[in-house]
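The values are calculated or read from the model by the stated rules, or taken from the named source; none is laboratory data. Since the structure is predicted, the reported quantities are computational estimates derived from the model, not experimental observations. Every residue, glycine among them, receives a Cβ derived from its backbone with ideal geometry; neighbour counts consider all protein chains shown.
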Amino acid sequence: MKTVLVTGANGQLGQCIQKIQNQHSGINFHFKSSSELDITNREAINDYFSTHAIDYCVNCAAYTNVELAESETDKAYLVNAEAAKHLAEACAKHNTTLIHISTDYVFDGTKTEPYLETDQTNPISVYGASKLKGEQNIQEAIQNHFIIRTSWLYAEFGKNFYKTILQKAKEKANLTITTEQKGTPTNANDLAELILEIINTENTDYGIYHFSNEGEATWYDFTKEIIKNLNLASAEKPTLQSVASYKTKAARPENSVLDKTKVRTIIQTISWQESLRNLMK
């Protein structure tokens, strides 16, 4: 039986993995929230790895507030870069495979085609820069790692854009959504399936992978699709307007669509619209 440690277990991805744990009887899961295992504390990590035999560590813990990261730079780097380093070093020492979640925001968004794993990174926000530093720390510390860059993650758990729109739709709010950025909404349940596929097949093709659902959208397109799937009567629908630019503290890549050619050797990918429908059913 494999033993798998999931850090940041109370986040949306951690909860998606918890939801399907019963389908994986060959895995002994250790789900740890940040309060149960603080990955910014090197000593706490070393103690945990010294007292538990862990085959895989899935790091779902991250500082993800893109806006706040601009003013909380130290905190963003502590969680996204330093903590990733502590985990990678502990994994290397105890022969544990590390599966780490990264982001499309490591790119500047100037490319017109979808981004390949080998493309030049150039983050334009503190969040993106802190996540890139985490990737680099992992690559330096451990060979047996999977870094999975994903985009526009949402699920029925946690705080995310999808849940915000659902709430606003219930309130029949006026929605003004940007068309400025292009990316791919990604159902965290599909990402959870990819992670468990890597573990169950004992995949050793280590390195960086891009994973999102298929296709591309703006935040406006995503919102429109969410509302469409709600099947609301006209009187119940929120009013939806598009806006070309939306003022934010953090710069965001204009195009952060990821190329999924490499990850398709591991798992079949589906369109973001189909995945959204699956969740909303």
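Key figures
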item: Inter-residue pairs, beta-carbon under 8 Å, first touching a residue at least 12 places away in the same chain (Cβ under 8 Å) and of a type in the set (Lys, Arg) and in segment 101-118, second surrounded by 15 or more Cβ atoms within 10 Å (Cβ to Cβ) and part of a loop (DSSP other than H, G, I, E, B), 6+ apart; result: LYS111/ASP119
item: Options ILE226, ILE266: the member that is over 30 Å from THR118 (Cα atoms) and under 20 Å from the mean Cα position of the chain (by Cα); result: ILE226
item: Selection count where residues are charged (D, E, K, R) and part of a loop (DSSP other than H, G, I, E, B), scope segment 44-66; result: 1
item: Qualifying residue in segment 67-89 (condition: in contact with an Asp or Glu (Cβ under 8 Å, 6 or more places away or on another chain), part of a loop (DSSP other than H, G, I, E, B) and not small (Gly, Ala, Ser)); result: no
item: Filtered residues of segment 228-273 (kept if of a type in the set (Val, Ile, Thr), outside any loop (DSSP other than H, G, I, E, B) and buried (at least 18 other Cβ atoms within 10 Å of the Cβ)); result: VAL263
item: Residue match in segment 200-212 (condition: within 28 Å of ILE177 (Cβ to Cβ) and of a type outside the set (Gly, Ala, Ser)); result: yes
item: Unique residue being in contact with a Leu (Cβ under 6 Å, 6 or more places away or on another chain) and under 30 Å from VAL6 (Cα atoms) when the list is ASN200, ASN187, ASN144, ASN213; result: ASN187
item: Residue among ALA192, ALA169 that is modelled with pLDDT under 95, surrounded by 19 or more Cβ atoms within 10 Å (Cβ to Cβ), in contact with a Leu (Cβ under 9 Å, 6 or more places away or on another chain) and in a helix (DSSP H, G or I); result: ALA169
item: Segment 4-36 - residue that is more than 19 Å from ASN160 (Cα to Cα) and among the charged types (D, E, K, R) and, of those, farthest from the chain's Cα centre (by Cα); result: GLU36
item: Residue within segment 123-136 that is assigned to a strand (DSSP E or B) and out of contact with any helix residue (DSSP H, G or I) (no Cβ under 7 Å at 6 or more places or on another chain) present; result: no
item: Scan of segment 197-215 for residues that are touching a residue at least 60 places away in the same chain (Cβ under 8 Å) and acidic (Asp, Glu), ordered by number; result: GLU197, ASP205
item: Selected residue (only one of ALA141, ALA129, ALA61 is buried (at least 17 other Cβ atoms within 10 Å of the Cβ), out of contact with any Phe, Trp or Tyr (no Cβ under 6 Å at 6 or more places or on another chain), within 22 Å of GLU197 (Cβ to Cβ) and hydrophobic (A, V, I, L, M, F, W, C)); result: ALA61
item: Among residues of segment 195-225, those that are closer than 21 Å to ALA155 by Cα, small (Gly, Ala, Ser) and surrounded by fewer than 17 Cβ atoms within 10 Å (Cβ to Cβ), counted; result: 1
item: Filter result for the condition that a residue is more than 15 Å from the chain's Cα centre (by Cα), among the acidic types (Asp, Glu), closer than 21 Å to ASN203 by Cβ and surrounded by fewer than 17 Cβ atoms within 10 Å (Cβ to Cβ), over GLU113, GLU117; result: GLU117
item: Residue match in segment 3-20 (condition: in a loop (DSSP other than H, G, I, E, B), among the β-branched types (Val, Ile, Thr) and either touching a Gly at 6+ places or on another chain (Cβ under 8 Å) or crowded, with 24+ Cβ neighbours inside 10 Å (or both)); result: no
item: THR96 being surrounded by 19 or more Cβ atoms within 10 Å (Cβ to Cβ), at pLDDT 95 or above and farther than 30 Å from PHE222 by Cα; result: yes
item: Subset of segment 105-120 [closer than 14 Å to ASP259 by Cα and assigned to a loop (DSSP other than H, G, I, E, B)]; result: PHE107, GLY109, LYS111, THR112, GLU113, PRO114, LEU116, GLU117, THR118, ASP119, GLN120
